[in-house]
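**Q** Let me give you the structure first, and then I'll get to my questions.
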Amino acid sequence: MPELSFQMLIRFAITTFAVANFAGFFTACQAGARPNIIIFMTDDQRADALSCAGNTILKTPHIDRLAHEGMRFRNMFVTNSLCAPSRATLLTGVYSHVHGVIDNKNRRIPKDMPILSDYLREAGYEVAFCGKSHVAGALRDRRWDYYFGYLGQGAYLNPRIAEGTDGKDAMYSGYMDDIVTDKAIAWLNRPRTKPFCLFLWFKAPHRPWTRAPRHQDLFKGINIPKPPTYDLRAQGSPGKPRAFHEADNKIGSFPDVASLDTFVKDYYATIVAVDENVGKVIKALEKSGILDKTAIFYTSDNGFFLGEWQAFDKRFMHEPSIRVPLLVRYPPLIKAGSTCDKMVLNLDIAPTILELAGIAIPKHMQGRSLVPLLEGETPSDWRSEWLYEYYEYPGPHSVRKHRGIRTERYKFIHYYEEPQEFELYDLQNDPEEHENLYGKPGSELLVKQLRQRLEELRKQTRDPDLK
C-alpha cells in the first residue's frame, strides 16, 4: 500500500467517520421544535465596526438589535485572518492546516470533507446559501435547497450571480448585497414544513468599498481621527520587526487607499448597507412570526486595520486583524443584552449550530460549542489560549508566514521562515501592542513558556508541518 500523507490520513479519517455515522449524527431534540438558523457573515469587518461595540461614527441600529436582544462576544477571533481560510474554518470546524485551505490561492474544501450545511441537511433542515463564499467553486459542488451565489469577489454594482448550483451566471441590476438579501428573503417567505438554515454572506465591507448609490453623501463633513499609532509607521514602526514594517499595506501607497479619511468613510458606508439589509431580514422574520424561533448569528471572516500603524488590510496576528464581531440572538436560550468576555473562535460556530440543531458534534471538529456560554454558564475548562496561523507568502501585501499563540494576557508571534523574527506583547498593559517585549531583559522565561505551549497546540491540532 502506498504511503499516505498526513493530510490524506486526516481526510480518510474524517470521511470514514462521516460515512459510518452520518445517519446517526442528529440526536433526539429537547421538547419543542428545532430552531431555524441564520448565519450573517460580512467580509473584512473588524470587531469595533459596529455602534453596539462603541463606534461613535458608524451607526448600525439593526445589527445592534441582535446584541441588545441577544449576546455580544467581546473576544471573538479568527485563527487565520484571510477570507478563504476563515470561511472554510467556519464551515468545517477545523483549522486551516486540517481542511487544507491555508490561503487564497488554494481555496477548495476537499469534496470528501463534510461542511456544516451537509450535516444540517442530512438532519432534516432546508439549507440555503446566498452571497459570497470565496471558496473555490463558490460552493456549487455542495447540495443546497436554494442557492444564489457568485464566483470570486463579485462586483458591488450590477453583479453577475447564479441562481441554483447548476444555473448560469447572469447580470442583475443594482447593488450586490441588496440583490442577494432580496433573494434570501424571498426564499425565507416560502412555505415549508422543515426548519431552515440560511447562510447570508455579504460582499461588504471588502475592498474596493463601493457605496450603494443612496449612500454617496454619507459621512460628509465628518472627520475620521487617526489611531494613536498611525504616525509611528513613518518612524520605521519602532519595536516592530522588519516582517511587519516592510509589508505592503500602507495607506497612501495604493490609488484606492489614498487617505485614511476617504477609505474609512467608504468602508463604513458599505457596512451601513449591510445593516439595512440585516434589518430587512429581521422585519421579514417578524412578519412571518418566526423571529424568536430563529437563532441568528452575525460575524465576519476577518478583522481589518483602519490606520493602526498606517496600515489597512488584515493577515497579521495583531488585534485589529484577528478580532471580529460575534452576535447571537435566540431568546429561548439567551438573556437579552448579555455579553461574554471568554475567548471564542470561528472554529466554534459549526459545533454551536450543530448542538442547537440537536445534531451530535463530530469528534474531528476542533472548536467547542458556545451553547454553555450562551446560557450564561462559564465552563471551568474553557480555553485560555489558542493558536494562530498565516501562510500566504509570497502573496498580496507581502505579509510573511507566521504563527503564534494568544493567551488571555500575552501574545507571541513567530515569523518562522528565515530571517526568523518575533513579537511579544503584554496585552493587559499594552492593548495597542506598542512595545515589543521580545529580546528585552526579563522576558526569557515567558518566551520559553509560550514557545513550548505553541508547539503543544500545533501538536494538539494536528499541524502537518510540525517537525
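The values are calculated or read from the model by the stated rules, or taken from the named source; none is laboratory data. Predicted model only: the values in this text are computed from it and were never measured. Cβ atoms come from the backbone with ideal geometry, glycine included; neighbour counts cover every protein chain shown. Accessible surface is based on the protein model in full, side chains and every heavy atom, while ligands, DNA and RNA are left aside. Shrake-Rupley method; radii C 1.70, N 1.55, O 1.52, S 1.80 Å.
**Q** Considering only residues that are open to solvent by 40 Å² or more (accessible area, probe 1.4 Å) and among the charged types (D, E, K, R), look in the range 267-294 and name the one that is farthest from A47 (Cα to Cα).
**A** Looking only at the range 267-294, we keep the residues that are open to solvent by 40 Å² or more (accessible area, probe 1.4 Å), and these are 276, 280, 283, 286-289, 292-293.
Among the residues that remain, those that are also among the charged types (D, E, K, R) are: 276, 280, 283, 286-287, 292-293.
On the way: E276: 18, K280: 22, K283: 25, E286: 27, K287: 30, D292: 25, K293: 26 Å.
The extreme case among them is K287.
**Q** Go through (1) open to solvent by 10 Å² or more (accessible area, probe 1.4 Å); (2) at pLDDT 95 or above; (3) under 30 Å from D465 (Cα atoms) one by one and return the number of the condition T89 breaks.
**A** (1) is the only condition that T89 fails.
**Q** Additional query: Checking the condition touching a strand residue (DSSP E or B) at 6+ places or on another chain (Cβ under 8 Å) and modelled with pLDDT of 95 or more, which residue from K168, K203, K220 passes? Give the steps one after another, and end with the answer.
**A** Working: K168 fails: modelled with pLDDT of 95 or more; K220 fails: touching a strand residue (DSSP E or B) at 6+ places or on another chain (Cβ under 8 Å).
Sole residue among the options that is touching a strand residue (DSSP E or B) at 6+ places or on another chain (Cβ under 8 Å) and modelled with pLDDT of 95 or more: K203.
**Q** While we're here: State all residues of the range 327-349 that are open to solvent by 10 Å² or more (accessible area, probe 1.4 Å) and part of a strand (DSSP E or B); if no residue qualifies, say none.
**A** Within the range 327-349, R329, S338, T339, C340 qualify.
**Q** For Y410, state whether it is among the hydroxyl-bearing types (S, T, Y), within 26 Å of K105 (Cβ to Cβ), open to solvent by 20 Å² or more (accessible area, probe 1.4 Å) and modelled with pLDDT of 95 or more.
**A** So Y410 fails the test.
**Q** May I ask you to list the residues in the range 266-294 that are small (G, A, S), part of a helix (DSSP H, G or I) and farther than 20 Å from T56 by Cβ?
**A** Answer for the range 266-294, where residues must be small (G, A, S), part of a helix (DSSP H, G or I) and farther than 20 Å from T56 by Cβ: G279, A284, S288.
**Q** From the residues in the range 372-386 that are open to solvent by less than 50 Å² (accessible area, probe 1.4 Å) and part of a loop (DSSP other than H, G, I, E, B), which one is farthest from P85 (Cα to Cα)?
**A** Ranking the candidates gives P379 first.
**Q** Here's something else I'd like to know. Could you please give the count of residues in the range 209-251 that are part of a loop (DSSP other than H, G, I, E, B), open to solvent by less than 50 Å² (accessible area, probe 1.4 Å) and not hydrophobic (A, V, I, L, M, F, W, C)?
**A** 10
**Q** Mind listing whichever residues of the range 409-428 are within 27 Å of the chain's Cα centre (by Cα) and not in a strand (DSSP E or B)?
**A** R409, Y416, E417, L427, Q428
**Q** Sticking with this one: Filter the range 418-467 down to residues that are of a type in the set (V, I, T) and open to solvent by 70 Å² or more (accessible area, probe 1.4 Å), then give me how many there are.
**A** The qualifying residues number 0.
**Q** Considering every residue within the range 387-402, establish whether at least one is open to solvent by less than 20 Å² (accessible area, probe 1.4 Å) and either without any contact (Cβ under 8 Å) to a residue 40 or more places away in the chain or more than 23 Å from the chain's Cα centre (by Cα) (or both).
**A** No, that holds for no residue.
**Q** Does at least one position in the range 178-196 carry a residue that is over 24 Å from G279 (Cα atoms) and open to solvent by less than 40 Å² (accessible area, probe 1.4 Å)?
**A** No, every residue in the range 178-196 fails to be over 24 Å from G279 (Cα atoms) and open to solvent by less than 40 Å² (accessible area, probe 1.4 Å).
**Q** Restrict the check to the range 322-336 and report whether at least one residue is among the charged types (D, E, K, R) and more than 20 Å from L427 (Cα to Cα).
**A** Checked against the condition, which is being among the charged types (D, E, K, R) and more than 20 Å from L427 (Cα to Cα), the range 322-336 yields at least one hit.
**Q** Can you name the residue in the range 96-119 that is open to solvent by less than 10 Å² (accessible area, probe 1.4 Å) and in contact with an Asp or Glu (Cβ under 8 Å, 6 or more places away or on another chain) and, of all such residues, is nearest to K203 (Cα to Cα)?
**A** Filtering the range 96-119 for residues that are open to solvent by less than 10 Å² (accessible area, probe 1.4 Å) and in contact with an Asp or Glu (Cβ under 8 Å, 6 or more places away or on another chain), the one nearest to K203 (Cα to Cα) comes out as S96.
**Q** Among residues belonging to the range 295-308 that are open to solvent by less than 10 Å² (accessible area, probe 1.4 Å), not small (G, A, S) and not in a loop (DSSP other than H, G, I, E, B), point out the one that is nearest to P195 (Cα to Cα).
**A** Here the residue is I296.
**Q** So which pairs qualify, if the first residue must be in the range 350-362 and open to solvent by 30 Å² or more (accessible area, probe 1.4 Å), the second must be among the acidic types (D, E) and part of a helix (DSSP H, G or I), the Cβ gap must be under 7 Å, and the two must be at least 6 apart or on different chains?
**A** Qualifying pairs under 7 Å: I361/E355.
**Q** Additional query: Hey, does the range 167-174 have a residue that's surrounded by 15 or more Cβ atoms within 10 Å (Cβ to Cβ), part of a strand (DSSP E or B), free of Cβ contacts under 8 Å to residues at least 40 places away in the same chain and not aromatic (F, W, Y)?
**A** Among the residues of the range 167-174, not one is surrounded by 15 or more Cβ atoms within 10 Å (Cβ to Cβ), part of a strand (DSSP E or B), free of Cβ contacts under 8 Å to residues at least 40 places away in the same chain and not aromatic (F, W, Y), which makes the answer no.
**Q** Of the residues F316, F263, only one is of a type in the set (F, W, Y) and either in a helix (DSSP H, G or I) or in contact with a strand residue (DSSP E or B) (Cβ under 6 Å, 6 or more places away or on another chain) (or both); which?
**A** F263
**Q** Does N158 qualify as being open to solvent by 10 Å² or more (accessible area, probe 1.4 Å) and under 16 Å from A284 (Cβ atoms)?
**A** no
**Q** Right, next: If we scan the range 428-450, do we find a residue that is farther than 30 Å from Y119 by Cβ and among the aromatic types (F, W, Y)?
**A** yes
**Q** Next question. What pairs come up if the first residue lies in the range 146-160 and is more than 10 Å from K132 (Cβ to Cβ) and of a type in the set (F, W, Y), the second is open to solvent by less than 30 Å² (accessible area, probe 1.4 Å) and part of a loop (DSSP other than H, G, I, E, B), and their beta carbons are under 7 Å apart, counting only those six or more places apart or on different chains?
**A** What qualifies is Y147/G164; Y156/K203.
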